[in-house]
């Protein structure tokens, strides 16, 4: 019960207000996230929290779990999306259990329960994206699209490109979103993702590996492993690999 109470208290304090401030387009550093640690070996850090064009409430937590710890999540009014940053983690969703390593993802529809256990030998880390839409939740739409699901990194096909490669995780509807599109890009040293451009969809860039420079409007900001970039609709942007190794990052869009 304490485990559940801790996560609910973090949620209530961070994204459950009636109105949320707009999220700025910028890089949010993992190391700068406001951290709260409980006495059960779990630390949650708020990377960003607010609202935007599609989502009335939108936050990303970075969670660290000491080995042997367990967290149970369930909420009727929000949807959650998890990305494993450092595993392994044992995840049980709708009665099915999978052991997940870095880059694996979990999407949980409102009302479903997910249990996360750190069964490895060291501290594990993951991101939780918590969100609810401005438009009314459509539970039937989420169910028809396939409901809650787990995707293991090793099951997502890597497709080489002239700049590195991509992994298309999914492009589907959910209870909160008319479209949820997630892929991972591997960008080789010295290259840019594309020329600076804009698009209607808001976007998150979540860095797994490498060192990047993000152009956001007329500004340029560094983004390193663990950092998260939020881009509002129609904000000019691109990403350049400024490191000595390939960049690896999630690109997340929705409408």
Inset, instruction - Determine which member of the set 243, 226 is part of a loop (DSSP other than H, G, I, E, B), modelled with pLDDT of 95 or more, within 16 Å of residue 48 (Cα to Cα) and outside the structural domain of residue 31 (by TED's automatic domain parsing). - result: 226
Inset, instruction - Would you confirm whether any residue within the stretch 39-51 is modelled with pLDDT of 95 or more, surrounded by fewer than 17 Cβ atoms within 10 Å (Cβ to Cβ) and either within 14 Å of the chain's Cα centre (by Cα) or not in a strand (DSSP E or B) (or both)? - result: no
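Considering the stretch 94-113 alone, what residues qualify as being on the phi < 0 side of the Ramachandran plot and either surrounded by fewer than 20 Cβ atoms within 10 Å (Cβ to Cβ) or without any contact (Cβ under 8 Å) to a residue 24 or more places away in the chain (or both)? Give the steps one after another, and end with the answer.
First, the residues of the stretch 94-113 that are on the phi < 0 side of the Ramachandran plot: 96-102, 104-110, 112-113.
96, 97, 98, 99, 101, 102, 110, 112, 113 - these are the residues of the stretch 94-113 that are on the phi < 0 side of the Ramachandran plot and either surrounded by fewer than 20 Cβ atoms within 10 Å (Cβ to Cβ) or without any contact (Cβ under 8 Å) to a residue 24 or more places away in the chain (or both).
Restricting to the stretch 69-81, name every residue that is in a loop (DSSP other than H, G, I, E, B) and either modelled with pLDDT of 95 or more or crowded, with 17+ Cβ neighbours inside 10 Å (or both). Before the answer, list the steps.
Pass one, the stretch 69-81, residues in a loop (DSSP other than H, G, I, E, B): 69, 75-78.
69, 75, 78, listed by residue number.
The values are calculated or read from the model by the stated rules, or taken from the named source; none is laboratory data. Bear in mind that the values here come from a model prediction, so they are computed numbers and not experimental data. Cβ sites come from the backbone with ideal geometry, for glycine too, and all protein chains shown count toward neighbours.
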